[in-house]
Amino acid sequence: MKMDPIQIISRYYPPESPLFTTLITHSQAVAKKAAGIAEKIGLNEALMEFIHEAAMLHDIGIFLTSAPEIGCNGKLPYLCHGYLGHDLLLREGLPKHALVCERHTGTGLNLEDVGRLPKILPYRPLEPVSLEEKLIAYCDKFFSKDPGKLEEERSVADILDGLRKYGDRKAAIFTDWHEQFSK
């Protein structure tokens, strides 16, 4: 039986809520871009199906965070949404999908990054490892969750400008992904 990501999202987000619409629209844009790249680089059908599912679920933890500008009224900082989504998907029995959630934030957070932050994240590497994780993290950077910009694709230059605020290493990681995925 095929897994339905929207059915899982509906367990945590009322389908009539603006946040549900924001999450679904953002996730569909990420999934569509990821599917196009996955097809272009010749990934098999099973990987393409996983990439679609994981791209749809990668931000499932946002409702537990505080980001009122996009309708999230949780208590924790937005940076926590990755590991919070990880924990939700583990409970759903989706450990591989959970890793995508945990590792997609920015270009990932290594132990040095995690150690520099306030103690809000689990102390473990939170950076993409597999091709699928990297592909979804890459595609995620192109789309905002700003309700007024959900379907606008950001330029590579804008993404790099945003990442440089966190250091040249983050921009270099994205540049490597761009070279790998934009051929």
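The values are calculated or read from the model by the stated rules, or taken from the named source; none is laboratory data. No experiment lies behind these values; they were computed from the predicted model shown. Cβ placement follows ideal geometry from the backbone for every residue including glycine, while neighbour counts extend to all protein chains displayed.
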What are the pairs, 6+ residues apart or on separate chains, where a residue within the stretch 83-108 that is at positive phi has its Cβ under 8 Å from a residue that is surrounded by fewer than 24 Cβ atoms within 10 Å (Cβ to Cβ) and in a helix (DSSP H, G or I)? Gly106/Leu163; Gly106/Lys170; Gly108/Ile173
Leading residue by the ranking (farthest from Leu23 (Cα to Cα)) among those in the stretch 141-156 that are touching an Asp or Glu at 6+ places or on another chain (Cβ under 8 Å) and of a type in the set (D, E, K, R): Asp146
Quickly run through the stretch 89-111 and pick out the residues that are over 11 Å from the mean Cα position of the chain (by Cα), surrounded by fewer than 22 Cβ atoms within 10 Å (Cβ to Cβ) and in a helix (DSSP H, G or I). Leu90, Arg91, Pro95, Lys96, Leu111
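Regarding Leu135, is this residue closer than 21 Å to Val30 by Cα, in contact (Cβ under 8 Å) with a residue 24 or more places away in the chain and crowded, with 20+ Cβ neighbours inside 10 Å?
yes
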Which of the following residues is modelled with pLDDT of 95 or more, touching a Phe, Trp or Tyr at 6+ places or on another chain (Cβ under 8 Å) and either crowded, with 18+ Cβ neighbours inside 10 Å or more than 16 Å from Lys134 (Cα to Cα) (or both): Phe20, Phe50? Phe20
